[in-house]
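Trainee: The following block contains the structure, expressed as structure tokens.
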Amino acid sequence: MQPLDALPGSLANRAYLSLKHGILNLVFRPGEILRKAEICETLGVSRSPVSEALARLSAEGLVDVIPQAGTFVARFSMAEIREGAFLREALELAAVELVAATITDEQLVRLRRNLRMQEALLADGDFAGFYQTDAQMHELVLSFTGFRRLATLAETSWVHVNRARQLILPAPGRVQATLAEHQAILAAIERRDPAEARTATQSHLRQLMTFLEPLTQTHPELFSNN
């Protein structure tokens, strides 16, 4: 879990962010029980902020509170993963079409810098840094639409996909392929070609599901029966 002093907001919000980070990054595995006493001791807080944090995570579908049994990290649901991928794709395709038609020179500079950083991180073998910069590229495209809520909507829809994605990172050869796909998206945006940008983005986003679909067979213990 992340240390609380590095996080913003109230004590309850910091506990929430720390626990969420641990769940999304599989520090806490799907199906694992979350014991409040242990979490309180690790974070150095009382039960109240931890209880509030767990309630928020339950509302987001990241933990399951089972009466008389305890609180557990939610198992994956392939139905939720497919739905999240569908929603994220719909948002990003609409965004990249708009951005390709309206992007400014300054915004292009920011995207090019991001791609150069991805190239450098890949050359250094820094996969964690690469995927962080990968996420920033998608956030940039969404922000360039000018719609303030779009990034939040995309992140919310993507949460279950991103958690499952941690199981396959880095898939052999996938980082290099991801960079090439990002370069194709940028090239289409540079040409200010909305149709080409949409096609390149759709191809990129759909690659992920080809890796996620087999997880129900390779990691059945991490998935719910629903």
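Trainee: I need every pair where a residue in the stretch 174-194 that is touching a residue at least 60 places away in the same chain (Cβ under 8 Å) has its Cβ under 9 Å from the Cβ of a residue that is hydroxyl-bearing (S, T, Y) and buried (at least 18 other Cβ atoms within 10 Å of the Cβ), sequence separation at least 6 or different chains.
Mentor: Sorted first by the residue in the stretch 174-194, then by its partner, the pairs are I185/T201; A188/T201.
Trainee: In the stretch 1-35, what residues are closer than 22 Å to F76 by Cα and assigned to a helix (DSSP H, G or I)?
Mentor: To start, the set of residues in the stretch 1-35 that are closer than 22 Å to F76 by Cα comprises 1, 16-35.
Within the stretch 1-35, Y16, L17, S18, L19, K20, H21, G22, I23, L24 meet the criteria.
Trainee: If R75 meets every condition in (1) out of contact with any Phe, Trp or Tyr (no Cβ under 6 Å at 6 or more places or on another chain); (2) surrounded by 15 or more Cβ atoms within 10 Å (Cβ to Cβ) apart from one, which number is that one?
Mentor: Against the list (1) out of contact with any Phe, Trp or Tyr (no Cβ under 6 Å at 6 or more places or on another chain); (2) surrounded by 15 or more Cβ atoms within 10 Å (Cβ to Cβ), R75 comes up short only on (1).
Trainee: Could you check how many residues of the stretch 1-24 are under 30 Å from P220 (Cβ atoms), touching a helix residue (DSSP H, G or I) at 6+ places or on another chain (Cβ under 9 Å), modelled with pLDDT of 90 or more and of a type outside the set (V, I, T)?
Mentor: 5
Trainee: Return the total of residues in the stretch 29-58 being on the phi > 0 side of the Ramachandran plot and either touching a residue at least 60 places away in the same chain (Cβ under 8 Å) or touching a Ser or Thr at 6+ places or on another chain (Cβ under 7 Å) (or both).
Mentor: Keep residues of the stretch 29-58 that are on the phi > 0 side of the Ramachandran plot, which gives 31, 44.
Retained after the next criterion (residues that are either touching a residue at least 60 places away in the same chain (Cβ under 8 Å) or touching a Ser or Thr at 6+ places or on another chain (Cβ under 7 Å) (or both)): 31.
Residues meeting the conditions: 1.
Trainee: Just checking, does the stretch 127-136 include any residue being farther than 14 Å from N114 by Cα and surrounded by fewer than 20 Cβ atoms within 10 Å (Cβ to Cβ)?
Mentor: For the stretch 127-136, residues farther than 14 Å from N114 by Cα and surrounded by fewer than 20 Cβ atoms within 10 Å (Cβ to Cβ): present.
The values are calculated or read from the model by the stated rules, or taken from the named source; none is laboratory data. If you're wondering where the values come from, they're calculated on a predicted model, not measured in any experiment. Every residue, glycine as well, gets a Cβ built from its backbone with ideal geometry; the counts of neighbours run over all protein chains shown.
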